[in-house]
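**Q** Below are the structure tokens for one structure; questions will follow.
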Amino acid sequence: MGDYSIEKRAAKFGNALESYTLLRVKRKTFRKKFKVLFDFRTYYRNGLFLYVHNGRKKNYHFAVMLRGGAVVVDVFDKKNRRLASHGDLDDGQWHKVVINKSKRKLYLTIDNEETQSMKVRQKLRVRSLTYIGGVSRQMSLEERLVKDSLKGCIRNLHINNKYLDLAAGKPAQAIGQCLARIEPGAYFGGDAYAIYDDNFNIGDSLYVNLEFKTTQLNGVLVSLSDGTGAISFSIELHNGKVIVSVTAGRKEETVQAIKSSMSKYDLCDSMWHQVTVEYIENVVTLKVDMEDLVSGFGKSSPILNHSRHPLYIGGLPESAPKGSLQIRDNFKGCLRKLAINSRRLDWVHMVSLQNVLPDSCPSF
């Protein structure tokens, strides 16, 4: 399934909110004359590429970031100076950044085409500790700087014509390998799951929308259970069918909506498929792609229950109850555009990610 080839000399940042690596370069690297070169790829508009500060005078810094889809170089040494490229660089394609400082001039070049320059002090008073991809959440940055870690890849980092291995940084926090070809979507490898909310209440209604693609016939998409059988909700692929099951306060009654296709392989074709589920009182409806709506009806109104339990996405740990699921196979494939009750939450802002690779869906 997909192209799993790894991009050489590259690292993926953003698998957690705090994601960065710390490189130690020569003490006077960023003083009078230097050159920084790297490629990046992301689907996000904001993220920090590089940050070097003074250490003693914490306002003094040299920073490179993505803000609103544009590359921004921000320098503070008694006075704030800033360069910004054109925007729309958050398109999931590789872009090359070259920053040159020579005497009192600093140049920014994007993709070997656009070059801008600004005057700076002849000697920048910053030190050699170099944060790449983000910074520790314990650090306090200036308000004008992007504080978010980059959610994407950095490749071929060179400082003064010397290649720096991002994986060799210490510490290296929440960084990983970068896939050569990707598209938007989180990748679940069959051993992964996310906890959307560890204190979720179904209530008397629930709306779920998501898109998936896979080559597997079976996989858990969404699951919640109280462990007793009284409260459960699940969306799963089972033998090529999409099955929604809801139990709300009555052990003896599980309401289901099942969508079958002409062939059990129709939804396991490495193409994106949209699933929309709506549960209101004792009725559950399911729509897959542009197919007709299917519904399941309960015989009686549910008992309103205010208990709260973890809501799992893409699978569940061995310790979690199965609830209304037919199978326990963790999903293997990609998920995107997940919305619960019309609320879309970025993967890295979920309660927990276990082996989930945000925005690393292999291109098929």
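Any read-out appearing in this document is the output of simple, stated calculations on the displayed coordinates, not a laboratory observation. The structure displayed is predicted, hence computed values, not measured ones. Note that we place each Cβ from the backbone using ideal geometry, even for glycine, and neighbour counts take in every protein chain shown.
**Q** At 0.36 nm per residue, minus the direct Cα-Cα distance, what do M118 and D346 gain on full extension? Give it in nm, one decimal, please.
**A** Working it through step by step, the gained length comes to 78.5 nm.
**Q** Which Cys residues of the chain have no other Cys beta carbon under 4.7 Å away?
**A** So, C268.
**Q** Beta carbons within 10 angstrom, averaged per residue: use that to sort the peptides 204-213, 337-346, highest first.
**A** Highest to lowest by the protection proxy: 204-213, 337-346.
**Q** So what are the ³J(HN,Hα) numbers for the range 348-355, from phi and the Karplus equation (6.51, -1.76, 1.60; θ = phi - 60°), rounded to whole Hz, Gly and Pro as x?
**A** 6, 9, 6, 4, 7, 10, 10, 6
**Q** Provide the net charge surrounding V351, with neighbours chosen by a C-beta distance below 12 Å and charges set as Lys +1, Arg +1, Asp -1, Glu -1.
**A** On the way: positive: none; negative: D197, D198.
Taking every Cβ under 12 Å from that of V351, the sum is -2.
**Q** So which of K101/K170; K12/K162; K119/K151; K12/K101 end up more than 22 Å apart by C-alpha?
**A** Values: K101/K170 27 Å; K12/K162 20 Å; K119/K151 30 Å; K12/K101 27 Å.
Listed pairs above 22 Å: K101/K170; K119/K151; K12/K101.
**Q** Taking 35 Å as R0, compute the FRET efficiency from the Cβ-Cβ separation of D198 and K8 and round it to 0.05. Could you put the intermediate results ahead of the total?
**A** Values: r = 38 Å, r/R0 = 1.09.
Between D198 and K8 the formula returns 0.35.
**Q** Choose one of Y196, H238, S307: the residue whose Cα lies farthest towards the positive end of the charge dipole of the chain (beta-carbon charges +1 Lys, Arg; -1 Asp, Glu; about the Cα centre).
**A** Y196
**Q** What does the highest-first list of 194-201, 219-226, 235-242, 81-88 look like by mean Cβ count within 10 Å?
**A** Result, highest mean first: 219-226, 235-242, 194-201, 81-88.
**Q** Round to the nearest 0.05 the FRET efficiency obtained for R27 and I327 when R0 = 45 Å and r is the Cβ-Cβ distance.
**A** Calculated value: 0.20.
**Q** While we're looking at this one, here's another question. Over the range 10-179, one equal point on each Cα, no solvent: what is log10 I(q)/I(0) by the Debye formula at q = 0.11, 0.16, 0.20 Å⁻¹?
**A** Ignoring solvent entirely, the Cα scatterers give -0.38, -0.87, -1.48.
**Q** Near K123, which aspartates and glutamates are there with a Cα under 17 Å away, not counting those fewer than 8 places off in the same chain?
**A** D74, D77
**Q** Of the listed values (i) 0.99; (ii) 1.17; (iii) 0.94, identify the label whose number matches Cα Rg over 2.2 N^0.38 Å calculated from this model.
**A** (ii)
**Q** Quote the charge dipole size of the chain about the Cα centre in Debye, to the nearest 20; the model charges only the Cβ of Lys and Arg (+1) and of Asp and Glu (-1).
**A** Numbers: 55 positive and 37 negative charges, 825 e Å.
Magnitude of the dipole: close to 3960 debye.
**Q** Another question, if that's okay. FRET efficiency for K96 and D269, Cβ-Cβ distance as r, R0 = 30 Å, nearest 0.05?
**A** 0.25
**Q** Another one. Checking the a/c ratio against 1.5 first, then a/b against b/c, what shape does the Cα gyration tensor give for the range 186-362?
**A** Because a/c hits 1.5 or more and a/b fails to exceed b/c, the range 186-362 counts as oblate.
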